[in-house]
Amino acid sequence: MRVMVDTNVIISAILNEDSLSDAVLNEVCENHELILCDYIISECYDVAKRRFPMKIQVLDKLFAELRFELVPAPRLSEIQMRDIKDQPILNTAIEYNVDVLVTGDKHFIELDIEIPQICTPSEYRDLYIRK
């Protein structure tokens with residue numbers, strides 16, 4: 001299964017290594033194909049520099065050790081979002097046939113699309129992490 005995790009999941013994972021977001025990220029890397037776009041990577045660094053500058057090295061280490069496919073974010077898509085800052089992420093998920101997009105962002109959650117399946121970290125846990 002091809003899974004993309006949004007910026008907020010990655011940031012949450014680096015802020016708390018025992019968080020649900022960290023567990024989801026680890027599960028995806030161990031059992032699925034993680035897809036990240038250049039836009040997510042850049043947004044992670046922007047957020048970390050602005051809000052959590054002491055976590056930049058943790059982010060560097062995470063991206064150095066994480067196994068993922070890095071793809072460019074397409075700028076155009078047939079499906080439009082209310083939050084245009086998130087549009088490249090949705091475009092990537094659609095363009096690269098991502099099965100599941102894990103996010104805590106309500107702008108994604110409110111979309112009425114079937115593929116990719118959009119779920120929160122807790123929904124992902126309930127659906128895909130074996131107990």
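All of the numbers you see were taken from the coordinates with simple rules; none came from a lab. Computed from a predicted model, the values in this text were never measured in an experiment. No Cβ is skipped: glycine too gets one built from the backbone with ideal geometry, and neighbour counts run over all protein chains shown.
Descriptive notes on the structure:
- For segment 1-56, taking the residues that are touching a Ser or Thr at 6+ places or on another chain (Cβ under 7 Å) and β-branched (V, I, T), the one that is nearest to I94 (Cα to Cα) is identified as I40.
- Scanning segment 65-109 for residues that are touching a strand residue (DSSP E or B) at 6+ places or on another chain (Cβ under 9 Å), among the charged types (D, E, K, R) and exposed (fewer than 12 other Cβ atoms within 10 Å of the Cβ) returns a single hit, R67.
- Within segment 1-25, being surrounded by fewer than 15 Cβ atoms within 10 Å (Cβ to Cβ) and under 15 Å from V100 (Cβ atoms) holds for one residue alone: M1.
- Selected residue [small (G, A, S) and within 17 Å of G104 (Cβ to Cβ)] from A13, A64: A13
- Lone qualifier among D99, D112 - being under 13 Å from V5 (Cα atoms) and acidic (D, E): D99
- Leading residue by the ranking (nearest to V71 (Cα to Cα)) among those in segment 96-125 that are touching a residue at least 24 places away in the same chain (Cβ under 8 Å) and part of a helix (DSSP H, G or I): F108
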